[in-house]
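Inspection log for the structure reproduced underneath, given as structure tokens.
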Amino acid sequence: MSNSSILKSSIAKKYWMALTGLFLCLFLVGHLLGNLQLIFSTGEEGKRAFNEYAYFMTHFLPIKILSYLTYISIIFHAVDGFILTIQNRRARPIKYAVNNPGPTSSTPARYMAVLGTLILVFLATHMSNFWWKVHFSEEIPLHTFKIESKKETGMPKDQLFYFTHVPSIQPIPKDSNSLEEKGTEIYFKNTNIKIADGYMDLHKVVMTYFSKSNPNGVFAVLFYVLSMLVLGFHLWHGFASSFQSLGVSHPKWTPLISSFGKLFAVAVPLLFAIIPMIIYLTN
């Protein structure tokens with residue numbers, strides 16, 4: 001080790017692998033709590049809650065910093081995993097004549113690289129369907145709702161007003177005679193005078209993507225559910241092994257960490273998988 005930097009050592013890579021893995025576990029919990037709003041909050045209230053959550057995640061500076069840290073962690077975790085796999089194979093160029101794994105070598109542990117690759121494919125697909133549209137396209141409409149009541153608008157009932165949810169201005173009237181949308185921004189019509197940024201209706205995009213109205217909806221749900229199954233297998237070994245890689249070993253705490261890791265590996269992917277299933281069956 002003295003002849004090379006610590007970042008080039010296998011031990012350092014295992015430390016970083018463990019730390020980025022545990023950080024991504026925290027990300028999974030936060031992401032899950034946000035996504036559960038899709039099934040536990042319904043109607044206009046649920047739609048607004050999810051869209052406000054999505055806006056907060058993309059505009060609040062500390063969260064944006066954590067988001068980029070998450071992207072870096074995903075890339076590092078994946079690349080580090082591939083490097084460690086290659087190093088382990090080079091260290092044992094000739095396979096054993098009889099492959100008899102020990103009792104502590106589980107199936108997920110032996111296929112972590114394969115499982116990780118499948119998860120990476122899912123992430124690339126998932127981000128292209130949602131993350132990319134949020135950040136780099138104008139395909140997502142603004143979150144609007146209709147009001148026809150004279151009591152609420154002060155206008156005759158036959159004149160329809162649209163209200164757009166906008167941060168800190170809740171709501172503003174969107175009258176086609178005076179205001180217009182440009183992407184997710186609201187302007188006075190035929191001017192460059194910007195009123196505000198509106199909430200993107202990501203709720204509608206997600207609901208449509210996993211619904212029966214989408215010709216590929218059933219395949220989207222199946223792909224998501226199968227990906228969560230792969231994630232569960234990956235976490236089954238990865239959660240506890242991260243603490244082991246960091247040197248956390250104690251007769252009392254190690255069994256508890258292992259048990260909690262298995263519970264985490266089942267509960268988190270299962271809850272993620274339930275969300276698109278419920279959307280497809282009820283939307």
### Query
Name the residues in segment 139-175 that are modelled with pLDDT of 65 or more, of a type in the set (Ser, Thr, Tyr) and part of a loop (DSSP other than H, G, I, E, B), would you?
Ser168
### Message
Please verify whether Lys204 is farther than 24 Å from Ile278 by Cα and modelled with pLDDT under 95, treating the condition exactly as stated.
### Response
no
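Let's see how each residue does on (1) over 18 Å from Ala113 (Cβ atoms); (2) among the acidic types (Asp, Glu); (3) surrounded by fewer than 21 Cβ atoms within 10 Å (Cβ to Cβ); (4) out of contact with any Lys or Arg (no Cβ under 8 Å at 6 or more places or on another chain):
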{"residue": "Lys204", "(1), (2), (3), (4)": "yes, no, yes, no"}
{"residue": "Thr208", "(1), (2), (3), (4)": "yes, no, yes, yes"}
{"residue": "Pro215", "(1), (2), (3), (4)": "yes, no, yes, yes"}
{"residue": "Ala220", "(1), (2), (3), (4)": "yes, no, yes, yes"}
{"residue": "His237", "(1), (2), (3), (4)": "no, no, no, yes"}
### Task
Have a look at Ala267, Ala273 and point out the one that is under 21 Å from the mean Cα position of the chain (by Cα), assigned by TED's automatic domain parsing to the domain that holds Gly34 and surrounded by fewer than 17 Cβ atoms within 10 Å (Cβ to Cβ).
Ala267
### Task
Inspect all residues belonging to segment 233-243 and state whether any of them is at pLDDT below 95 and assigned to a loop (DSSP other than H, G, I, E, B).
no
### Task
Select from segment 67-83 the residues that are out of contact with any helix residue (DSSP H, G or I) (no Cβ under 6 Å at 6 or more places or on another chain) and touching a residue at least 24 places away in the same chain (Cβ under 8 Å) and write down the one among them that is farthest from Met17 (Cα to Cα).
Leu69
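The values are calculated or read from the model by the stated rules, or taken from the named source; none is laboratory data. Predicted model only: the values in this text are computed from it and were never measured. In this analysis, Cβ positions are derived from the backbone assuming ideal geometry, glycine residues included, and neighbour counts consider all displayed protein chains.
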